[in-house]
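These notes are about the structure you will find just below.
The values are calculated or read from the model by the stated rules, or taken from the named source; none is laboratory data. If you're wondering where the values come from, they're calculated on a predicted model, not measured in any experiment. Cβ sites come from the backbone with ideal geometry, for glycine too, and all protein chains shown count toward neighbours.
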Amino acid sequence: MDLTLNRNTTAIGVLTILYLVGIVGIAMPLHPDFVLLTPLNLLFSLGMILWFHTGFDKSVLIFISLAFSVGFGMEILGVQTGLVFGEYAYGKVLGPKIFGTPFMIGVNWILVTYCAAVAAHRVLPKAAQFTKAFLGASLLVLLDLLIEPVAIRYDFWSWGLTEVPLQNYIAWFVIGFILILAFYKIIGTVSNKVAIALLILQFLFFGILNLI
């Protein structure tokens, strides 16, 4: 038990330092291209929560494949048609693209839905799966409210309209709800303190950048 606690504490400490460096590096900035390290941060963050996932088996791989495919597929559809999230286009920050959509956005959908599913279960451990999925999807919408101003400022993506459309937040909720519910159906309930800490760090990261 002590060993597990120490490992969790160390991992959370490493992620905290990483996100603090990210805030300083982007806000100052330490280098004009510092923000281009974002894909590495996403991959490292995903690797950390999966490393601390207990009972890693094929169900996790199935969820990862589903979350990436659905998230990435809906983003492609969104970019190409404007029917999902609204009229938007990705900049260069998230890296290589196909059909105008960076591969890293699929990784991000895995990351945020996993963390939200774990956090929702931690808050409502005895609730029905639909209730927990509703809470998890609501957390994702709140997170996106913080992400959008930062993403627009630093060229993660841009919107065709002057304001982010309501359609975007509805789509985030619906897609998030479906994927989080799938998480519970495929994997079940998970206790992962690193994932919860990472979700909190993402709220703090984008919240602070909104204030700077």
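Observations on the model:
- Residue satisfying condition, being under 18 Å from Ala116 (Cα atoms), out of contact with any Phe, Trp or Tyr (no Cβ under 8 Å at 6 or more places or on another chain) and either surrounded by 13 or more Cβ atoms within 10 Å (Cβ to Cβ) or at pLDDT below 95 (or both), within set Leu15, Leu5, Leu36, Leu30: Leu15
- Residue in region 66-87 that is without any contact (Cβ under 8 Å) to a residue 12 or more places away in the chain, within 20 Å of Leu181 (Cβ to Cβ) and not hydrophobic (A, V, I, L, M, F, W, C) present: yes
- Ala127 meets all of the listed conditions (1) part of a helix (DSSP H, G or I); (2) surrounded by fewer than 18 Cβ atoms within 10 Å (Cβ to Cβ) but one, namely (1).
- Hits in region 53-64 (condition: among the polar types (S, T, N, Q) and either at pLDDT 95 or above or crowded, with 18+ Cβ neighbours inside 10 Å (or both)): Ser59
- Meets criteria (in contact (Cβ under 8 Å) with a residue 24 or more places away in the chain, touching a helix residue (DSSP H, G or I) at 6+ places or on another chain (Cβ under 9 Å) and not in a helix (DSSP H, G or I)) for Ser158: yes
- The conditions of being touching a residue at least 24 places away in the same chain (Cβ under 8 Å), touching a Ser or Thr at 6+ places or on another chain (Cβ under 8 Å), hydrophobic (A, V, I, L, M, F, W, C) and assigned to a helix (DSSP H, G or I) are not met by Phe177.
- The residue list Thr131, Thr189 contains one member that is free of Cβ contacts under 8 Å to residues at least 12 places away in the same chain and polar (S, T, N, Q), which is Thr131.
- Residue list for region 65-102, restricted to those being surrounded by fewer than 16 Cβ atoms within 10 Å (Cβ to Cβ) and of a type in the set (A, V, I, L, M, F, W, C): Leu77, Leu83, Ala89, Ile98, Phe99
- Just one of (1) over 13 Å from the mean Cα position of the chain (by Cα); (2) of a type in the set (A, V, I, L, M, F, W, C); (3) under 30 Å from Gly100 (Cα atoms) fails for Val123. It is (3).
- Just one of the listed residues (Val141, Val150, Val164, Val190) is closer than 26 Å to Asn41 by Cβ, touching an Asp or Glu at 6+ places or on another chain (Cβ under 6 Å) and surrounded by fewer than 20 Cβ atoms within 10 Å (Cβ to Cβ), and it is Val164.
- Here region 169-199 is the region considered, the condition is being within 15 Å of the chain's Cα centre (by Cα) and not aliphatic (A, V, I, L, M), and the residue that is nearest to His53 (Cα to Cα) is Phe183.
- Counted residues, region 2-58 - those being within 13 Å of Lys193 (Cβ to Cβ) and not in a helix (DSSP H, G or I): 3
Here is a yes/no grid of residues against (1) under 24 Å from Asn168 (Cβ atoms); (2) touching a Pro at 6+ places or on another chain (Cβ under 8 Å):
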site	(1), (2)
Leu50	no, no
Lys58	no, no
Leu61	no, no
Leu83	yes, no
Pro96	yes, yes
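- Filtering Thr81, Thr113, Thr101 for residues that are of a type in the set (Val, Ile, Thr), farther than 19 Å from Leu42 by Cβ and modelled with pLDDT of 95 or more leaves a single hit, Thr81.
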